[in-house]
Every structure is written in structure tokens, then in C-alpha cells.
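Report on one structure; see the data block that follows.
The values are calculated or read from the model by the stated rules, or taken from the named source; none is laboratory data. Every value quoted in this text rests on a predicted model; they were computed, and no experiment measured them. Methodologically, a virtual Cβ is constructed for each residue, glycine included, from the backbone with ideal geometry; neighbour enumeration extends over all protein chains shown.
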Amino acid sequence: MAQTALLNKIFKSPLPPFIKGGLWGVTGFTLVEVLISLVVLLLVSLALMQTALVSIDANMINVLRDEAVGIAEMRMNAARNTAFVSLASDSTSLPAGVDCPAAFTDGSGNGQRIQRNIRNVSNKDFCTRLAVTGSGDTRQINVEVKWNWKENPYTHRIMSIVRRQ
């Protein structure tokens, strides 16, 4: 039978030491209860950390998308401010080593790289392409912005129509 030392006296415990209580109404938590509560606390903490990481990643995707919208707007405004007879598609090739999605290269490789510093990512590549189509008195301007984030390609496109004045 198990013995317990309490206040320098030896008592014979009527119950095994892992059972709560006993004849004397001992209160408190057993070691098993403490270990189970620590495991539950660990699982809750891991779930909260995972939630925080998912929200940080989703927020970064939104920040990159907002930056791409701004870049597309900048390129579109530059094209709309160009004289109608001077409107032309991009004809310069992207430099080597640009982090563009594979779908961006349509064979021509034409476009423009725009780099931005976003949070802790320096010189993030945004690949843009300006395409002008149509003839006569109206032309369609298409601006496409593509970028990679965590091995996933993202795209933003805008379109506008301009006419001769």
C-alpha cells in the first residue's frame, strides 16, 4: 500500500496516489490532469499560431494585389496620356532573371519590369505588358500585370478604349 508523508507524519493512503481526493478530502490537481491540460494548451497555441500565419499570408497577397492595381493604373494613365498616333504595344524585351510567371512569356517576351519594395520584400518584380489593338479612330489598350508569390502566379488586367480627338 502506498504511503504519503504529510506534515512530517506518515499516513497510509487508502487510494492510489493518482486518484484525486481520498479519505481526507485532499484537493488540487493530479499530475495526469496537469499534463492533459498542458497538452490542450499546446494544441490551442498551435492552432492560434497557424491562424496568425494564414492571416499574414492572406494579407500579403492583398498588399501585392493592391500594388499590382496601382502599377496597372500607372501604366494605363501613361498610355492614355500618349498621343493617339504614338500609341504602341510594348516592344522591349524583359531583362534576364526577372521573376515573371511562366504564363507571361507568350513567345515575344516583350513587357516591362517594375520593381517595388513591399514590407520586408525588397525589389519585388511585377511584370507588365501594354498591348494596343485596333485601327481607325479607336484603339483598345490592355494592361496586364503578373507576379509570383510563393510559387503561385497572380494576374491583374485592365482595359480601356481611346479614340482620336
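Residues in segment 69-98 that are closer than 15 Å to Cys127 by Cβ and of a type in the set (Lys, Arg): Arg75 alone.
Note on segment 111-127: residues that are outside any strand (DSSP E or B) and at positive phi amount to 2.
Is there a residue in segment 128-137 that is within 19 Å of Leu94 (Cα to Cα), among the hydroxyl-bearing types (Ser, Thr, Tyr) and assigned to a strand (DSSP E or B)? Break it down stepwise before answering.
First, the residues of segment 128-137 that are within 19 Å of Leu94 (Cα to Cα): 128-132.
Then keep just the ones that are among the hydroxyl-bearing types (Ser, Thr, Tyr); that gives 128.
Now drop any that are not assigned to a strand (DSSP E or B), which leaves 128.
For segment 128-137, residues within 19 Å of Leu94 (Cα to Cα), among the hydroxyl-bearing types (Ser, Thr, Tyr) and assigned to a strand (DSSP E or B): present.
Residue-wise test of (1) within 17 Å of Ala68 (Cα to Cα); (2) free of Cβ contacts under 8 Å to residues at least 12 places away in the same chain; (3) touching a Pro at 6+ places or on another chain (Cβ under 7 Å); (4) of a type in the set (S, T, N, Q).
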{"residue": "Ser122", "(1), (2), (3), (4)": "yes, yes, no, yes"}
{"residue": "Val132", "(1), (2), (3), (4)": "no, no, no, no"}
{"residue": "Thr138", "(1), (2), (3), (4)": "no, no, no, yes"}
{"residue": "Asn152", "(1), (2), (3), (4)": "yes, yes, no, yes"}
{"residue": "Met159", "(1), (2), (3), (4)": "yes, no, no, no"}
{"residue": "Val162", "(1), (2), (3), (4)": "no, no, no, no"}
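Of the residues that make up segment 140-154, is at least one out of contact with any Cys (no Cβ under 8 Å at 6 or more places or on another chain) and over 30 Å from Asp57 (Cα atoms)? Checked segment 140-154: at least one residue is out of contact with any Cys (no Cβ under 8 Å at 6 or more places or on another chain) and over 30 Å from Asp57 (Cα atoms). Of the residues making up segment 36-73, those that are aliphatic (A, V, I, L, M) and in contact (Cβ under 8 Å) with a residue 12 or more places away in the chain are Met60, Ile61, Val63, Leu64, Ala68, Val69, Ile71, Ala72. Among the numbered conditions (1) in contact with a Leu (Cβ under 9 Å, 6 or more places away or on another chain); (2) assigned to a loop (DSSP other than H, G, I, E, B), tell me where Gln165 comes up short. Only one criterion in (1) in contact with a Leu (Cβ under 9 Å, 6 or more places away or on another chain); (2) assigned to a loop (DSSP other than H, G, I, E, B) is unmet by Gln165, namely (1). Condition check for Arg116 on (1) modelled with pLDDT under 90; (2) exposed (fewer than 12 other Cβ atoms within 10 Å of the Cβ); (3) more than 30 Å from Gln165 (Cβ to Cβ): one failure, at (2). Taking segment 33-91 as the search range and keeping residues that are acidic (Asp, Glu) and either at pLDDT 90 or above or assigned to a helix (DSSP H, G or I) (or both), which one is surrounded by the most Cβ atoms within 10 Å (Cβ to Cβ)? Within segment 33-91, the match that is surrounded by the most Cβ atoms within 10 Å (Cβ to Cβ) is Glu67.
Of the residues in segment 79-93, not one is closer than 19 Å to Arg65 by Cβ and without any contact (Cβ under 8 Å) to a residue 60 or more places away in the chain.
Filtering segment 132-165 down to residues that are surrounded by 14 or more Cβ atoms within 10 Å (Cβ to Cβ) and among the basic types (Lys, Arg), which residue is farthest from Arg113 (Cα to Cα)? Applying the filter and picking the extreme gives Arg139.
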